[in-house]
1. Report the label-to-label distance for GLU391 and LYS325 in nanometres (one decimal), using points 7 Å from each Cα along the Cα→Cβ vector.
2. On C-alpha positions alone, give me the angle between the axis of helix 376-388 and the longest principal axis of the chain, in degrees, nearest 10.
3. If you stretched the chain out fully between GLU167 and LEU203, how much longer would it get, using 0.36 nm times the residue separation minus the C-alpha to C-alpha distance?
4. Using only Cα atoms, tell me the angle between helix 206-215 and the longest principal axis of the chain; keep it within 0 to 90° and round to the nearest 10.
5. Projected onto the charge dipole of the chain (+1 at Lys/Arg Cβ, -1 at Asp/Glu Cβ, origin at the Cα centre), which of TRP268, ILE377, ILE57 gives the Cα projection farthest towards the positive end?
6. Arrange ASP43, ASP168, ASP314, ASP374 by Cβ neighbour counts within 10 Å, fewest through most, would you?
7. In degrees from 0 to 90, rounded to the nearest 10, what is the angle of the helix 256-265 Cα long axis to the longest principal axis of the chain?
8. How are the Cα pair distances of segment 163-269 distributed, in percent, across 5 Å bins from 0?
Amino acid sequence: MSVVTRFAPSPTGSLHLGAVRTAIFNFLYARQNSGKIILRIEDTDQERSTSDSLNEIISSLEWLGINWDEGPYLQSERLDIYREHAEILVDKDLAYKCFMTTEEINQLKERALRENKIYKYPGTWRNRSDHPKNAEFVIRFKTPKSKQIKFVDSLRGQINIDSSNIEDFIVLKSNGFPTYNFASVVDDAEMNVTNIIRGEDHLSNTPKQILIFEAINKKIPIFTHVSMMLGKDKTKLSKRHGAESINNFKKSGYLSISMINYLARLGWSHGNQEIFSLKEMISLFSLSNLSKSPAIFDTEKLSWVNTSHIKISDNNYLKKLLELKFYEEIDVNLAIQCAKEKSKDLNLLKESLKFCENEYADINDKLKSEIYKDNGIDLVKKFSRELKSLEKFTKESIKNLFDNFLEKNNIKLKNIASPLRIILTGSKVSPGIYEVIQILGKNLTLKRIKYFLS
Ligand code: GLU
């Protein structure tokens, strides 16, 4: 049977890194096995689900390049399917209608609290047939008494749970919406999901889900509960920490491949290799190499991964991402090639290429005044005369020109490079000065100097 995985986020906030990591694992596993990945939106919590969050999830996945083969399916549009399954369970006496009111439940909860006990639904309506007419009800699962629930987690091995710890849990709420556990299982069954790869925080839901799979007579998928992602201080990363939204990383200049590489590598390893292309990850990823211990999120490492990916990215690809309008005389390929070697992220790369946008560089007054220091302006004038008469315009000839110029004037490179850099780029940081001149070309270099001096 071919592999079917799914990513099933709840649209109750932005897409945070833990969820993205789960999506990546499902994506890599599906692609590796030429299977498919389904996108399912678990929006049964009507109060907390928003369309903004849904849109953000979709656009974040698109940005990451995690493309799905089916969906997005919205659970809120599949209510009939869950109701039908719930009714079948009731007919088979595997579930039942419970007419207990919220007040009654609250009373029981309060009493449990007073008696220092953990509240558990007492099965009040489990065997009753005196159903009131026109009263609201929920449908509860008839949890078998003292049954050993067994399942295998591909990472954690065989797990056995005694069903006596599990109450008769709700599968369908009085408003017709399913609970998470029920909708999730019905969908996994209906969608023929073969592998459930998700966070360890869902391990405690699995016994209930196994009971539902058995009750609806469907094959149980293979579970893999991946370790949680923690901050450096070992506390759980949560949706509440705005900074963990993937969107923030996009805004901060991270490449999508850096995010995928870093998050996939967090908890999964392939020897000591740190930098992977997407193709490599698809072919090398393995569920059995996932680690059971928590993954510690480390911004510095992520930043290093990003810098490494920027360096090896194709210049044309970077050009598209940068959305800069390069001035016509600029050697764009050389500009990106030089700047990417020195840029830590996409924003800084863009910043360092700003001087390539217009005919002339934009120079602020503070920088202008620096040029007049230490004879800078005279040196620039002299230099531009020599550059004008340079016939062959190559990296070598530019370097020779500088070498001769330094010797003749008995100065250090920085004496001429500093004012020149400001005039040519409007900044104190840029690619090397020989490269800047090459990127601009002889004509534009001279034009910028002349314009400044005029
Ligand atoms: N909707 C769940 C969540 O966002 C996913 C649960 C699952 O993958 O089964 O955590």
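Please treat every number below as a calculation from the coordinates, not as lab data. The shown structure was predicted, so the numbers you read here are calculated from the model rather than taken from an experiment. Note that we place each Cβ from the backbone using ideal geometry, even for glycine, and neighbour counts take in every protein chain shown.
1. 3.9 nm
2. The answer is roughly 80 degrees.
3. Length gained between GLU167 and LEU203: 11.3 nm.
4. Long axis of 206-215 versus the principal axis of the chain: about 50 degrees.
5. My answer, from the dipole projection, is ILE377.
6. Sorted ascending by nearby Cβ count, the order is ASP314, ASP374, ASP168, ASP43.
7. So the helix axis and the longest Cα principal axis differ by about 50 degrees.
8. Distribution as computed: 2, 9, 15, 17, 15, 14, 13, 9, 4, 1, 0 percent.
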